[in-house]
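Take a look at the structure set out below.
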Amino acid sequence: MKADPIFQPLEFRNLTVKNRIFRSNISGRFDNEDGSLTQTRINWECRFAAGGVGAVISSYVPVRMDGRIIAGYATIHRDAFIPLWQKLGEAVRANGAKYILQLSHSGRQMDIPGVHNMHRPSPAPTSNKETLHGFLCQAMSTGEVRQMVRDFARGAWRAREAGLDGVELHAANGYLFTQFLSSGINDRTDAYGGSQRNRARFLLEVIEAIRDKVGRDFHLQVKLSATDHNNIIPWEGKGNTVADTVQVAQWCEAVGADALHISTGSLFPHPLNPPGDLPLEVLAVTYDAMISSGVHGFRNFLAFRYPMLRPIFRWLWFRMAKGRPIEGVGFDEARLIRDHVGIPVISTGGWQSAASVREALAHVDGISIARSLVANPNLLQFWRDGHDLPPKPCTYCNKCLVGVPKLPIGCHELDRFPSREAMIEQLMEVYDTKPEFRIPAPAAPAEETAEVS
Amino acid sequence: MTYQTAVEAELARRRRFWRPLLVLIGLALLAAILLAIALLWRVVQSGTPYYSDIDAHFRHGSIGAEITSGIPYKVWKALPVLYPDRFPGGDYSSLGFLYDGGDLPIGIARRRVRGVDLVWFNCAICHTGTVRAAEDDKPIIVTGMPAHQLDLHGFTEIVLAAAGDPRLAPEPLREAMKQAGVGLGPVEGLLWRFAVFPQLREGLIDRAARLQPLLDRQPAWGRGRVDTFNPYKVLEFDQPAASLAEEEVVGASDFPSIFLQGPREGMQLHWDGNNTSLAERNLSAALGAGVTPETVDHAAIKRVADWLRDLPPPASQHRPDAEAVGRGQEIYKETCAACHGWLGPEGYMFEGAYLGKVTPLADIGTDPARLNSYTQAFRDAQVSRLFAGTPHAFREFQKTDGYANAPLDGLWLRAPYLHNGSVPTLADLLEPPAARPAAFQRGGDVLDPRGGFVAPPCETGKPCFDTAAPGNSNAGHLWGTDLPLAQKADLLAYLLTF
């Protein structure tokens, strides 16, 4: 009998993963305000490791406080957090998987700025505000860009110091790297804007800086959006094509990337990523947490809140997804890129059935999955047992996605549960922490002050 | 201290930027709302003045003609400004309309319809005239006498010509209204721009398209006359003027007097005696004045009709020799009374074997055009289509074969004589047709001692009543023409007292 391609090890230059399935980037707001991670995150990541995936790729981890997309996600901007990440890495490995940390910066795509960022526009390559929510930003000076390059390298160094298995640069989905790469967004006139090479300069310099900082033998992969489809708001430019991204992928390989992780879209979320529905009726109760984040927040909220207005947003959103599959929505582009590079390529986008994953693995090297694993963390066991799909598969309803601003991360599709209580119970599992509470050391007694007469 | 988020700061900056514009938009919106309320307030207003004095009601009260036939009051006021050549006197008196001190002439009623004041005819337009003893006297207005001075044809021509006249385009008309002292206010201006001007032109074009081809086939009616039934055919029954037969297309006849209607109940009314019901005759006349079955104001008409039942004509101002009158009365009783009743000391006596009955055309011999204009087909349409299914449906109309023998009350005010007004004086009527004036000027109100009004011979450049024109024949009614001269003089003396 021929070996199942899903369960074949994947050998990167600096890392071997036991099978071809990666837990794609996903997280909840369960870390501390200061960016330090919590037991909840450890529980969350380990759930997937225990489910059998070859590697867990962390969710978005900012290298600087001014690059948080959502306050409440852990950061790697301080050396002091290295031991915490180390603990997380150990926990995931103890559950049988590798842990790859995604280094990120929001640029202008900052959903919930938090106390650190609410008073200032985000640093970005452009001063043009984000198009969907109207998030404000301020174009970085050339010097600030160079500082940003160094901060990414520091972040990678901390990941290595923490003993993690590798890092991924989040150069997809509309965050800082995409804002540089995309011809629809980058309006710089310095060396980091204009030609495609210039727009890619920031990403390539970061890769080089990381290599300088951590050496050649540390796993470094880059997540790219194959196509920007930047024109959700119809009058925006379309951005990069897949041909542009093939070129960028080749440059990444040339400067030392070990692998590529291929997604799509120059915004997040995007009609094609994560593919599936967009439950506006859920946004009507969660988007209020983002109203004050951007200048279009209230407008959007009205479009979600009032059913009469929803068709407008629905039209904007779904016109792009029309005629495209959900499962493997980005596969063709990932395969095209794979054909033009010599390093492994991981494809993401709605994967769930064993048959399609097996078929895809004939052309790409790995498959990353988030929502289908949120629904069924033990998806791989179903596959190993010969099932194509689990009995209650992910419905692609995207309620987990749009719940992020207000609700705990997890599956919110009530139909998949016997009862609402069962759903809540599953959502609460990751919070099952047994912290060793510590009594803060009392402050030194203050000098008695003169009594006020 | 609280601090602003970047987004709040940006939104505040935008508010500061947009505030002046928003204020302007808000003000504009407020103005638009106020304007809409003002417009609505105007548009919901409908009604017509009520005149407690019955004569005033007759002269100025509405019978419901304005609603579909009327023109806006302000256009009425502007027409003399727009057509100074047709209104040399500056107002409608140039066309023989009579003014009794008011803004509108007698016979023009006013009604506010959906916020626009409209004016149009009532009964008094055709049934109020003037008389004076001599040229220098002030004309006396007499309610109920024929409007022998009124040039309804001229008025109709002006209105129809206006339909295609560039001077009636909104801008010149607006200017003319301003000159006439009835300029449009701002709210009213809007109402006119979007509703009144377009409707006015459409209405006039429609009316002209139907009526003009008819007028083109007729000689001018002349003062004091109207074609009663042919306009009715083209306007009310949508019958194309071209489809009217040659013998029916000319139907102009004199306005009649409308004194003492009560005793006339049951007589054959109208010149050709086509109806014996006062109520039906009244309603039919109102249709002629422009009411429609939908807009007719039955109460207003009934009020007039009730009053007219007993309205006496003023006593004759002629003072003929009393003895001649006495002799004339004897001749009259023998020669005329059977058909026309007679005047006694108690007033007019509505008695006579043939009074109020039709004398066949073969016997009376007067012009047949008016008789022929009322056709059987038209009669059938009247009966079956107007007010059908209501208590007001016509039942009594009949096609006759001659002209009705009318009572002669108020005869001194009813010149020119015969149904078509083809004989200027009573003296002329007692002459054989060949000796009657072949052409004369109509419309005078100076009493002629020969009975009637002074009707000078035609002059170049002035409208002329030519008895040779179709419908204008002065032939027929030969009774009395063969009397000896002295008897004729006595008969005339008696008739002058009527």
- prompt: Looking at A:Ile326, is it surrounded by fewer than 21 Cβ atoms within 10 Å (Cβ to Cβ), more than 14 Å from chain B (Cβ to nearest Cβ) and in contact with a Cys (Cβ under 9 Å, 6 or more places away or on another chain)?
  reply: no
message: crowded, with 18+ Cβ neighbours inside 10 Å, farther than 23 Å from B:Pro231 by Cα, aliphatic (A, V, I, L, M) and at pLDDT 95 or above: is that true of B:Ala427 in this structure?
response: yes
- request: May I ask you to list the residues in the stretch A:366-404 that are farther than 20 Å from A:Ala50 by Cβ and in contact with a Gly (Cβ under 9 Å, 6 or more places away or on another chain)?
  value: A:Thr395, A:Tyr396, A:Cys397, A:Asn398, A:Leu401, A:Gly403, A:Val404
- request: Taking A:Arg108 as the residue in question, decide whether it is basic (Lys, Arg) and out of contact with any helix residue (DSSP H, G or I) (no Cβ under 6 Å at 6 or more places or on another chain).
  value: yes
query: Say we look at the stretch A:276-291 and pick out the residues that are touching a residue at least 60 places away in the same chain (Cβ under 8 Å) and farther than 11 Å from A:Leu401 by Cβ; which of these is farthest from the other protein chains (Cβ to nearest Cβ)?
result: A:Val285
message: So for the stretch A:181-189 (the condition being within 19 Å of the chain's Cα centre (by Cα) and either farther than 24 Å from A:Phe218 by Cα or not small (Gly, Ala, Ser) (or both)), does at least one residue qualify?
response: yes
message: Considering only residues that are surrounded by 18 or more Cβ atoms within 10 Å (Cβ to Cβ), polar (S, T, N, Q) and in contact with a Ser or Thr (Cβ under 9 Å, 6 or more places away or on another chain), which ones fall in the stretch A:292-320?
response: A:Ser293
task: May I ask you to list the residues in the stretch A:333-369 that are among the hydroxyl-bearing types (Ser, Thr, Tyr) and over 19 Å from A:Val242 (Cβ atoms)?
output: A:Ser353, A:Ser356
message: I'd like the residue in the stretch A:110-119 that is of a type in the set (A, V, I, L, M) and within 11 Å of chain B (Cβ to nearest Cβ) and, out of all such residues, is surrounded by the fewest Cβ atoms within 10 Å (Cβ to Cβ).
response: A:Val115
query: Where in the stretch A:288-363 are there helices (runs of 4 or more DSSP H), lying wholly inside it, with at least 1 residues that are closer than 21 Å to A:Asn230 by Cα?
result: A:297-305, A:310-318, A:331-340
Residues of the stretch A:6-65 that turn out to be within 16 Å of A:Leu220 (Cα to Cα), among the polar types (S, T, N, Q) and within 18 Å of the chain's Cα centre (by Cα), as a count: 4
message: Tell me the residue from A:Gly143, A:Gly174, A:Gly155 that is part of a loop (DSSP other than H, G, I, E, B) and either of a type in the set (Gly, Ala, Ser) or within 25 Å of A:His219 (Cα to Cα) (or both), please.
response: A:Gly174
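This table checks each residue for (1) acidic (Asp, Glu); (2) within 19 Å of the chain's Cα centre (by Cα).
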| residue | (1), (2) |
| --- | --- |
| A:Arg199 | no, no |
| A:Ile207 | no, yes |
| A:Lys223 | no, yes |
| A:Asp228 | yes, yes |
| A:Gln247 | no, no |
| A:Ala254 | no, no |
| A:His261 | no, yes |
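Residues checked against (1) in contact with a Ser or Thr (Cβ under 6 Å, 6 or more places away or on another chain); (2) under 20 Å from B:Arg225 (Cβ atoms):
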residue: B:Gln239; (1), (2): no, no
residue: B:Ser257; (1), (2): no, yes
residue: B:Gly273; (1), (2): yes, yes
residue: B:Ser277; (1), (2): no, no
residue: B:Leu283; (1), (2): no, no
query: For A:Phe48, which of the numbered conditions (1) surrounded by fewer than 22 Cβ atoms within 10 Å (Cβ to Cβ); (2) over 28 Å from A:Val145 (Cα atoms) fails to hold?
result: (1)
Residue satisfying all of: in the stretch A:120-169; within 12 Å of another protein chain (Cβ to nearest Cβ) and among the charged types (D, E, K, R); nearest to A:Trp317 (Cα to Cα) among these: A:Glu130
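The values are calculated or read from the model by the stated rules, or taken from the named source; none is laboratory data. Because the structure is a prediction, the values reported are computed rather than measured. Every residue, glycine among them, receives a Cβ derived from its backbone with ideal geometry; neighbour counts consider all protein chains shown.
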